1. For a distance above 14 Å, tell me the whole-number percent of Cα pairs in the stretch 315-358 that qualify.
2. Taking the Cα atoms of the stretch 128-279, what is the range of coordinates along each of the three principal axes, in descending order and whole Å?
3. Just the number: Rg to Rh for the chain, Cα atoms, Kirkwood Rh, two decimals.
4. Suppose only helical runs count, i.e. DSSP H with n ≥ 4. What mean residue ellipticity at 222 nm does that imply for the chain under -39500 (n - 2.57) per run, divided by all residues and rounded to the nearest 500 deg cm²/dmol?
5. Using alpha carbon coordinates only, what is the Rg to Rh ratio of the stretch 280-372, with Rh defined as the Kirkwood radius?
6. Give me the number: length gained by fully extending ASP152 to VAL132, i.e. 0.36 nm times residue separation minus the C-alpha to C-alpha distance, one decimal in nm.
7. May I ask for the distance between the Cα centers of the stretch 124-193 and the stretch 14-85, given as a whole number of Å?
8. Considering only VAL192, GLN49, SER323, whose Cα is most displaced toward the positive end of the charge dipole of the chain, charges sitting on Cβ of Lys, Arg (+1) and Asp, Glu (-1)?
Amino acid sequence: MAHLSNEAMASASAVNGQTSWHGAGAAEFDLRSDTMTKPTPSMLNAICQTTLLDDVFNEDPTTNELQSYVAQRTQHEDALLVLSGTMGNQVAIRSHLAQPPHAVLCDHRAHIICYEAGGVSAWTGATVQTVVPKNGIHLTLEDVQKYAVLDDNIHHCPTKLISLENTLDGMVMPLAEARRIVEWAHSHDIKVHLDGARLWEAVVSGAGSLSDYTSLFDSVSLCFSKGLGAPIGSIIIGSKPFIKKARWFRKSIGGGARQTGVFSAAARIALDETFGTDPHGKTGQLPSTHAKAKRIAEMWTSRGGKLQYPVHTNMVWLDLEASGVGPNDLAVIGQQLGLKLLGGRMVIHYQVSEEAIARVEKVFDTAMKGTYQRSEDQSKPYGSSKP
Ligand SMILES: Cc1ncc(COP(=O)(O)O)c(C=O)c1O
């Protein structure tokens, strides 16, 4: 690929330190989410070399190539670029369903029910059947069987779609369990969608290859702008007829964008350079984030801290209450050390530096010393969303 001239790079990075394309900038010390990454010079370079044709007309080569490339890597017939993970889930769910009475079954903590502004009910008229997994980590077939509605009793609302999430709160649903659920669902004529915003992380943890997971499902949404570091963009994958329908629904909610080459170019770099070109993501940049997450968890527990969830991937969930720490204490102490933290969840992305980890250790020292004035403030001034 041709490279930008020095002048072009200089002017692109000249605005000020915050917007410079060199270095991780503020992302280095931001552990609120793996969306807090900074696009890289190689993404900028790809954006500058991209094609600029119209994607509503399906004419943009960079976008079309990205869609075919992802379809091929995930062993699906087709793919569709969308603007966000939320749009991907909502368009996919809408495309699977016809009309009420119908229900979507998911984990009670699923993004589609907790953090998508009520979109499932609004767009589809579906009832959402939320299930608390018995093992506290991921749904099992037994959980699903207990709550799915299969009969045609007119008092009930039949389950027509199961929406799984992997990773969910950083935890992995094992491949074998996902397969059991999908096989059972299909045998009852129920479709299965996967919110795979962070499926990359499950793959990198060693749970299965990208296509081992994706090929199981009727549709999957994958995000380029979470751990992979692209500035914008997600993609949904599925059969040709499904994607044809999804393109229609994407348009209806304002997701038909024009010169999408500017973000599909960066998304391709994010996929190949951050996740990697191999099916297990071992050659990319994510494995080191898992190692850092485990170190942070160890720093916490070795000081007597408790964890809310096991650390499977790049997220560390600290149980602040059980550890005697106030809801905002870490964020306040972190701010004094130049770190951005959010409640008890820490997300390690590939631009979080060793210096940031060293500062996290200092935050833990201060919070756990017993001298820090514990705050009871529940107002979550640093944001209460879970991107
Ligand atoms: C599991 C999961 N799905 C979907 C989304 C939605 O993605 P977006 O913020 O791009 O709409 C998120 C956002 O963090 C997420 O964590």
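1. Details: 482 of 946 pairs.
For the stretch 315-358, the fraction of Cα-Cα distances above 14 Å is 51 percent.
2. 50, 37, 23
3. Numbers: Rg = 21.4 Å, Rh = 21.8 Å.
So for the chain, dividing Rg by the Kirkwood Rh gives 0.98.
4. Working: 15 runs with 143 residues, N = 387.
Computed mean residue ellipticity for the chain: -10500 deg cm²/dmol.
5. On the way: Rg = 12.9 Å, Rh = 13.3 Å.
So for the stretch 280-372, dividing Rg by the Kirkwood Rh gives 0.97.
6. Values: separation 20, 0.36 × 20 = 7.20 nm, distance 2.41 nm.
Contour length minus the Cα-Cα distance gives 4.8 nm.
7. A separation of 32 Å, based on Cα centres.
8. Towards the positive end, the residue furthest out is SER323.
Any read-out appearing in this document is the output of simple, stated calculations on the displayed coordinates, not a laboratory observation. Computed from a predicted structure; not experimentally measured. Methodologically, a virtual Cβ is constructed for each residue, glycine included, from the backbone with ideal geometry; neighbour enumeration extends over all protein chains shown.
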